[in-house]
Structures are given as structure tokens and as C-alpha cells.
Amino acid sequence: MTEDAIFQGCLRNQAAAQRELYHRYSPKMLAVCYRFAHNREDAEDMLQEGFIKIFSQIHTFQNKGAFEGWIRRIIVHTCINSLKKNKRFSESVDILHASSVQVREESVPSVVQAKQIVECIRILPIGYRTVLNLYAIEGYSHKEISGMLDIEESTSRSQYTRARQMLEDILIRKNILQKPREKLKWLAAIR
């Protein structure tokens, strides 16, 4: 089934098209949810809620840009709304620890798998993890993030800086990051 056929079928509320859309995009979108969620169950809840929104709002897709990108934006916004609704974004953060980590060059040996880095990102406090995901992985600007999370733009910037520093510290402690001065872009491995 082509993407256009799936889209047209979903517009007509055809179960087969909706099932195909879900099967085609749910694995990638679950990975997006998993980066924001506290655990797999929360990620699955976010995914289900996101697909409900996708099916109910599919008529708003205007064929401007990629269909998958439109789906991803809905999933990301669903994750953010879920975090806000459950007040998880405001969990406390160990700012003393985060600010004591020295800034180092971004690097990671090329043998490190993206999965290991994602697992380390999941260790970060929810606020840091959310801003890091939105900025470094999803590509939102700090201005857009501040609007999504109802925080100041400067808060988004500082959360991102602290998240990067804390993540690098975690990677070093777990012996994933061996040579912090190597000039490799480790965040690129998780995109």
C-alpha cells in the first residue's frame, strides 16, 4: 500500500489503512516516545495517545512536507503534553552536580552503538532529557522549546548545556566515552 493510499484510506476511516499506517510508523514513533518516557509502559501510552490524535487530525495534513514528519511532530507534542499533564517535567534536578561537570569536547568512539547513548540519555533527569531530545535530536530551536514547555528561552539553553555536560559525565563513568578530547560528534550517533 502506498503512502498516498494509506493517507486516503485513513481520511475515509478505513480500518485497513489505519492498521497499515500504525504498523508502518509505530516502531519509529515508539523510539521517539521511549526517549521522552520514564519507562516502556509510559512510552506505549504516549504512542497510543499520539496515534489517536493522528487518526483524528489526519484531515489537517496538507501535503506540505513529509507525512512522516507530520506524524513525528504530533507524537513529540503528545509526549510533551503527557509529561506536562503528569507533572513529570518539573521533577527535581541535581543542579549542583550538573554545574560541577566540566565542559569537554563532544566525542565518542565510533564503535559505540546509538542504543547505548539513548540508554544513557534516559538516565538524565526528565527536564534535561526533554530539552536535549527536543533540541539535539528533534531539531527544535530554544525559542520553540520554551513555547512548548512554558519555560524561558534561557532556561532551555541552560538545561541543554547541563544535559550535555551530565550526559558526557555518564558516558565517561560507563566507559562508553574513552577519549573526551577526540573530535567526533557523539550526538550525531543517536539521530
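Annotation: Ser90 fulfils all but one of (1) of a type in the set (Gly, Ala, Ser); (2) modelled with pLDDT of 85 or more; (3) at negative phi; the unmet one is (2).
Only one of the numbered conditions (1) within 16 Å of the chain's Cα centre (by Cα); (2) buried (at least 21 other Cβ atoms within 10 Å of the Cβ); (3) not β-branched (Val, Ile, Thr) is not met by Ser146, and that is (2). Looking across the range 1-53 at every residue that is free of Cβ contacts under 8 Å to residues at least 60 places away in the same chain and among the aromatic types (Phe, Trp, Tyr), the one that is farthest from Leu124 (Cα to Cα) is identified as Tyr22. With a requirement of 3 or more residues that are farther than 30 Å from Thr155 by Cα, the helices (runs of 4 or more DSSP H) lying completely within the range 9-90 that satisfy it span 15-36, 40-57. Selection of the range 60-80 for residues being free of Cβ contacts under 8 Å to residues at least 60 places away in the same chain and out of contact with any helix residue (DSSP H, G or I) (no Cβ under 7 Å at 6 or more places or on another chain) yields Thr60, Gln62, Asn63, Lys64, Gly65, Ala66, Gly69, Trp70, Arg73.
Specify which of the listed residues (Thr130, Thr161, Thr155) is touching a Phe, Trp or Tyr at 6+ places or on another chain (Cβ under 9 Å) and either assigned to a helix (DSSP H, G or I) or in the same structural domain as Met29 (by TED's automatic domain parsing) (or both). Only one candidate qualifies: Thr130.
Here is a list: Leu187, Leu149. Which entry is among the hydrophobic types (A, V, I, L, M, F, W, C) and modelled with pLDDT of 85 or more? Full working, then the answer.
Working: Leu187 fails: modelled with pLDDT of 85 or more.
Leu149 is the lone residue from the list that is among the hydrophobic types (A, V, I, L, M, F, W, C) and modelled with pLDDT of 85 or more.
Conditions tested, residue by residue: (1) surrounded by fewer than 18 Cβ atoms within 10 Å (Cβ to Cβ); (2) closer than 20 Å to Lys84 by Cβ.
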residue: Tyr135; (1), (2): no, yes
residue: Tyr160; (1), (2): no, yes
residue: Leu171; (1), (2): no, no
residue: Lys174; (1), (2): yes, no
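Select from the range 108-141 the residues that are modelled with pLDDT under 70 and in contact with a helix residue (DSSP H, G or I) (Cβ under 9 Å, 6 or more places away or on another chain) and write down the one among them that is farthest from His38 (Cα to Cα). Per the stated criteria, the residue is Ser110. The residue that is surrounded by the most Cβ atoms within 10 Å (Cβ to Cβ), counting only those in the range 30-57 that are at pLDDT 95 or above and of a type in the set (Val, Ile, Thr), is Ile54.
The values are calculated or read from the model by the stated rules, or taken from the named source; none is laboratory data. All figures in this text were calculated on a predicted structure; none of them were measured in a lab. Cβ sites come from the backbone with ideal geometry, for glycine too, and all protein chains shown count toward neighbours.
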